[in-house]
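Heads up, the thing below is written out as structure tokens.
The values are calculated or read from the model by the stated rules, or taken from the named source; none is laboratory data. In this text, all values refer to a predicted model and were calculated from it rather than measured experimentally. Neighbour counts run over all protein chains shown; Cβ positions are idealised from the backbone, glycine included. With ligands, DNA and RNA removed, areas are computed over all heavy atoms of the protein, side chains included. Shrake-Rupley method; radii C 1.70, N 1.55, O 1.52, S 1.80 Å.
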Amino acid sequence: MKLTNIIKNLFGRKQDSEPEVYEYKEFIKKYVSRKVSENKEYLQKILKGGEDIIYREFSIGEKKQQLLLVYVDGMVDKTLLNEQILKSLMVDLRRSTYGEIVSIESVKNRCLSVSEIKEVETFDKLVLGLLSGDTLVFMDGEPHGLVIGSKGWDSRGVAEPTTEKNVKGPKDCFVETLRSNTVLIRRRIRDPNLAIEMLEVGRRTKTDVALVYLKGVIKEGLAEEVKQKIKKVDIDGIIDSGQLEQLIAAKKWTIFPQTVSTERPDKIVAGILEGRFAIIVDGSPFVLLAPAGFADYLDAPDDYYENPMVTSILRITRYLSFFLSASLPGIYIAMVNLHPGMFPPKLVISIVATRGALPFPTYIEMFIMESVLEVMQEAGIRLPQSIGQTVSIVGGIVIGQAAVEAGLVSPIVVIIVSLTAITSFTLPSYGLNLACRALRLPFMVAGATLGFFGIIAFSIMVLTHMASLDSFGVGYFEGFSPYRIGSLKDAIVQAPLSLMRSRPEFLKPQDTQRQKSVKSSKEDGNE
């Protein structure tokens, strides 16, 4: 006897029988029976353990024709179910066809007063509709079943965005219901060319995914490329759009985001009008927007609602904040350890005076305070909103002051760490914020070991990596390189809206023009 068999007999757990597990592929070719009892028995078999699935049997007419109604409790609109479906089948249909044998076609066309209804003959589509919140109807003598749209579960209402605050502009945000999210886009773009294509992802979850784009504007062939990428995703299920974002990303091993994730409908609509596409995942309030470059992660939601000159100053501030958030601790360590001559003489005397009795070198101090900062940020996120902010602010002040008074760190290190945190808060994209946090430690190591040479060398490595990233055929630094004067109008600075007449050239839109010049408008008026 083999060793593996001996171990299995000694320690293995024996089971009398394997549990019966059904997947969609197992009953994809199973057709609806003409007998209601057989259909009910089959559904109960494959949905074994579904205590929330309701089976309602009744008969109609003089012939006592059997009907079966199946729905998931809590996922249907009970008012629609009782008034428009059950009442129509049990009262109206029984009264009007007392002595007749009723067909599924007559029920569909003459009896049920609902907007969404279709005939289905295979159980894969029937079960998918049932588990999506629809109601199923079976009739004796009919080889089809009806799938009646009756979704009506509780969902969160449209509210103000929680992660992307703005001063001016719309205040609504996406929610967890896919159809509510498509409505928020559709009512802003009242164009018949707006395409919303439905896909499914996940062998078990069968999650609905919507691909939204503007026909005649998006790059030719891009929509089909995205659809094929989504269809190739082979996974048992997805819960949030962030999972799909990782699965369709061109580069897996990077800390930088490759698609914009936002809960703001106005940001998605603006991107679609430029020639991008959006991906909506049912159950997620965050919608993906692509192709996306580095500049897109530093655009605030209300940039286009303010004066462009003021917006340009704020954008430059964000670019500077991105650099400081990632490298400021490393720069300080390099200057103190290896380049003290770069400080003004009076500042050097002040730093030396505060560091006289400190037990740790500068890089250890910085590492301790950065670790405390990360812990406080995580605590602020995970705690309830009402106390999370308070704990972060009060905790940071108390711990910083206590560390200085205890002689563990110098006051200037606390100032540097505080400035690093504040600059990171100016970044509109949470994904880019996380990337900055991940870059701080390597910058600190480079500054502590090689000084400014290490800072510059690591910066070049980061920029080279960013330049190698690609988002659906669009480079990460498109808009900056290669040089295009039109793309620079909406990169680091923002030109007046009247001068941005064309869509971004690097997106290769089919329709390049967004607005006509004043001269063209006058000529059209004269004609």
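Exceeding 18 Å between C-alpha atoms, which entries from my cross-link table qualify? They are Lys45/Lys118; Lys215/Lys508; Lys35/Lys64; Lys35/Lys206. Long pairs (Cα-Cα over 18 Å): Lys45/Lys118; Lys35/Lys206.
Across the stretch 205-265, the convex hull enclosing all Cα atoms gives 122 Å³ per residue.
Annotation: per residue accessible area for the chain equals 54 Å², rounded to a whole number [probe 1.4 Å, protein chains only].
Derived value for the stretch 325-364: Kirkwood hydrodynamic radius 10.9 Å. Basis is the mean of 1/r over every pair of different alpha-carbon atoms. Taking mean projected area of the Cα convex hull in nm² as calculated from this structure, the corresponding entry among (i) 38.9; (ii) 29.0; (iii) 26.4 is (i).
Ordered by 1.4 Å accessible area with all protein chains kept, Phe138, Phe360 run largest first as Phe360, Phe138. Would you list, by chain and number, the aspartates and glutamates whose Cα falls below 12 Å from the Cα of Lys232, excluding same-chain residues fewer than 8 positions away? Counting by Cα, and skipping residues close in sequence, Lys232 has these aspartates and glutamates nearby: Glu200.
Compute the projected area of the convex hull of the Cα atoms of the stretch 433-496, averaged over all viewing directions, and report it in nm² to one decimal place. All intermediate terms of the calculation are to be shown ahead of the outcome.
Values: hull surface 23.5 nm².
It is 5.9 nm².
A 1.4 Å probe, protein heavy atoms only, puts the accessible area of His339 near 60 Å². Here the contact order of the chain, divided by its residue count and restricted to Cα pairs under 8 Å and six or more residues apart, works out to 13 percent. The solvent-accessible area of Ile268, taken with every protein chain present and a 1.4 Å probe, is close to 0 Å². Taking the Cα centre of the stretch 222-313 as reference, the dipole from Cβ charges on Lys and Arg (+1) and Asp and Glu (-1) amounts to some 420 debye. Charge dipole (Cα centre; +1 on Lys/Arg Cβ, -1 on Asp/Glu Cβ; no other charges) of the chain amounts to roughly 480 debye.
Quick one, could you list the DSSP H helices from the chain stretching 27 Å or more along their long axis (Cα atoms) with average Kyte-Doolittle hydropathy of -0.5 or above? Working shown, then result.
Details: long enough: 308-337 (42 Å, 1.04); 362-382 (30 Å, 0.51); 385-405 (30 Å, 0.98); 430-450 (30 Å, 0.99).
Span-like helices in the chain: 308-337, 362-382, 385-405, 430-450.
Peptides 293-301, 444-452, 194-202 ordered by packing proxy, namely the average of other Cβ atoms within 10 Å per residue, highest first: 293-301, 444-452, 194-202. Along the charge dipole of the stretch 234-314, Cβ charges K/R +1 and D/E -1, which of Thr254, Ile268, Pro301 sits furthest on the positive end? It is Thr254. Dipole magnitude for the stretch 284-384: about 440 debye, using +1 per Lys or Arg Cβ and -1 per Asp or Glu Cβ, origin at the Cα centre.
Roughly to the nearest percent, how much of the accessible area of the chain is carbon and sulfur, given a 1.4 Å probe? Let's see the in-between values first.
Values: 16490 of 28290 Å².
The C+S portion of the solvent-accessible surface of the chain is 58 percent.
Of Val493, Leu128, Leu81, whose Cα points farthest to the positive end of the dipole of the chain (charges on the beta-carbon: +1 Lys, Arg; -1 Asp, Glu; origin at the Cα centre)? Selected residue: Val493.
Report the local net charge at Val201: Lys and Arg +1, Asp and Glu -1, summed over other residues whose C-beta lies under 14 Å from its C-beta. Before the final figure, lay out the partial values.
Working: positive: Arg203, Arg204, Lys206, Lys227, Lys229, Lys231, Lys232; negative: Glu197, Glu200, Asp208, Asp234, Asp236, Asp240, Glu245, Asp282.
With Lys, Arg at +1 and Asp, Glu at -1, the neighbours total -1.
When the stretch 43-195 is described by a simple charge dipole with +1 on each Lys and Arg Cβ and -1 on each Asp and Glu Cβ, the residue from Asn109, Val167, Thr182 located farthest towards its positive end is Val167.
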